[in-house]
Amino acid sequence: MFGLFKRKHPVVFEQWITPVLAFESNADLFYTAVSEELKKWEVPDLSTERIEYKDGGPFSQGREYLRVQRENLVFDICSAKFGKSWWFSCRSAVLPRSLRVWELLVFVIALGWLGVACWYLFGVIAGGIAMAATLVMVSCLMLAGRSLSSLDDALLNLPVLGAFYEAWTRFESYYRDDASRMYVSMVDYLVREKVKEFAAAGGVDDVQFNPVKDPLQLVSLGDRIQGFIANTAKRLAEP
């Protein structure tokens, strides 16, 4: 999650697409086959879900993708018809975290109200002790999250606190880096093998995985507005 909301816009670092001419397949069966194959290999902390991306604006038709995720690393996989042909595509991406100012303000206000409630219920001294104990407990959980994968995953998904945990407490290690690279390599390999399997079932033995040199990056409406304001201010500042 980004602060209080779910991460929506992945930053794509690699993409490939496989066009298959004069071919027809079934996207639902392909997504199910990929999910079951990944489940069979018991990849740690991996989840799959179906998500929808709009073809154009907010009122346009949606296209279903299969998302494979482990921590903040995702694969968005598509299988779709294109005229009398078919395509398979796969995007490897990162879901970056951001913490907006207003989210931080909401967190500070909520923390203040918690302190006031403790002092009102237990008095100044006992309330202060209760508040301090709460903060110490949260700090201990963050420290313990580095060693427990299930707790680590839960902390990463907490609103606001997840950003603090990731930035200040959750350090990288050789193992975590190797595990992430293993996950990326394994999922990419298994998806390619499933593409070959489905193509072969339709009588196509030679499939090409064409790399995309400059993957499209999705941006939110807020990002567009900020970019427009920044560009306008830059033009106005020019002599």
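Structure values in brief
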item	result
Residue tally, condition modelled with pLDDT under 95 and of a type in the set (Val, Ile, Thr), over the stretch 21-47	1
Hey, residue 164 modelled with pLDDT under 80 and aromatic (Phe, Trp, Tyr) or not	yes
Residues (out of contact with any helix residue (DSSP H, G or I) (no Cβ under 8 Å at 6 or more places or on another chain) and in contact (Cβ under 8 Å) with a residue 60 or more places away in the chain) located in the stretch 204-218	204, 208, 210, 211, 212, 215, 216, 217, 218
Contacts under 6 angstrom Cβ, first residue in the stretch 49-62 being more than 16 Å from residue 82 (Cβ to Cβ), partner at pLDDT below 70 and in a loop (DSSP other than H, G, I, E, B), 6 or more apart	54/60
Meets criteria (among the aromatic types (Phe, Trp, Tyr), more than 24 Å from residue 175 (Cα to Cα) and not assigned by TED's automatic domain parsing to the domain that holds residue 202) for residue 107	yes
Residue 25 among the polar types (S, T, N, Q) and touching a Phe, Trp or Tyr at 6+ places or on another chain (Cβ under 7 Å)	yes
Filter result for residue 63 (within 18 Å of residue 195 (Cα to Cα), out of contact with any helix residue (DSSP H, G or I) (no Cβ under 7 Å at 6 or more places or on another chain) and not aromatic (Phe, Trp, Tyr))	no
Residue within the stretch 48-68 that is among the hydrophobic types (A, V, I, L, M, F, W, C), modelled with pLDDT under 95, in a strand (DSSP E or B) and loosely packed, with under 13 Cβ neighbours inside 10 Å present	no
Residues satisfying the stated conditions in the stretch 69-101, i.e. exposed (fewer than 14 other Cβ atoms within 10 Å of the Cβ) and assigned to a loop (DSSP other than H, G, I, E, B)	83, 84, 96, 98
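The values are calculated or read from the model by the stated rules, or taken from the named source; none is laboratory data. Keep in mind that this is a model prediction, so the values were computed, not measured. Positions of Cβ are backbone-derived with ideal geometry, glycine not excepted, and every protein chain shown enters the neighbour counts.
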